[in-house]
Amino acid sequence: MNQLRIIAFDEQLPEPESSRPLPERVLSGDPQQTLWNHYSDPSGQFHAGIWQAEAGAWRVQYDEHEHELCTLLEGRVRITDGLGTVREFAPGASFVVPGGFCGIWENLGRVRKVYAVTALRVAGEREQNQDKS
């Protein structure tokens with residue numbers, strides 16, 4: 001019988017992980033970030049949880065095989081793509097950041113979101129990464 005269980009975010013509180021964007025990517029503010037990762041699949045290619053960050057703007061670059069679904073719980077986000085197209089999202093909004101996306105992520109105050117990220121590994125990339133170790 002299958003022993004997998006449903007992961008309910010309100011039934012657990014994982015240890016918070018703190019970080020900041022790399023200094024050379026920060027354009028304004030001090031966007032300190034806290035992550036509560038509620039789930040990672042056994043392969044390490046899918047993660048889901050809660051992310052929170054303070055006001056600020058920074059350059060983002062998603063790997064080609066890294067896709068993120070976001071649902072905002074709190075705050076407003078302004079995202080500018082490489083062509084200069086600007087999108088703003090408010091609490092309740094859901095959106096996908098596709099793999100390979102490059103642009104600017106700006107928090108217009110404290111932001112809290114639910115995230116689901118898939119970062120697929122391609123067989124050739126896995127072998128190349130092992131060669132680099």
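The values are calculated or read from the model by the stated rules, or taken from the named source; none is laboratory data. Computed from a predicted model, the values in this text were never measured in an experiment. Backbone-built Cβ (ideal geometry, glycine too); neighbour counts: all protein chains shown.
In the range 108-132, the residues that are at pLDDT 60 or above form Cβ pairs under 9 Å with partners that are in a helix (DSSP H, G or I), at six or more places apart or across chains, as follows: 114/9; 121/129. Taking (1) surrounded by fewer than 17 Cβ atoms within 10 Å (Cβ to Cβ); (2) within 15 Å of the chain's Cα centre (by Cα); (3) closer than 16 Å to residue 116 by Cβ in turn, residue 14 satisfies each apart from (2).
Any idea how many residues of the range 20-54 are free of Cβ contacts under 8 Å to residues at least 60 places away in the same chain, surrounded by 17 or more Cβ atoms within 10 Å (Cβ to Cβ) and either touching a Lys or Arg at 6+ places or on another chain (Cβ under 9 Å) or more than 30 Å from residue 122 (Cα to Cα) (or both)? Looking only at that region, the number is 3.
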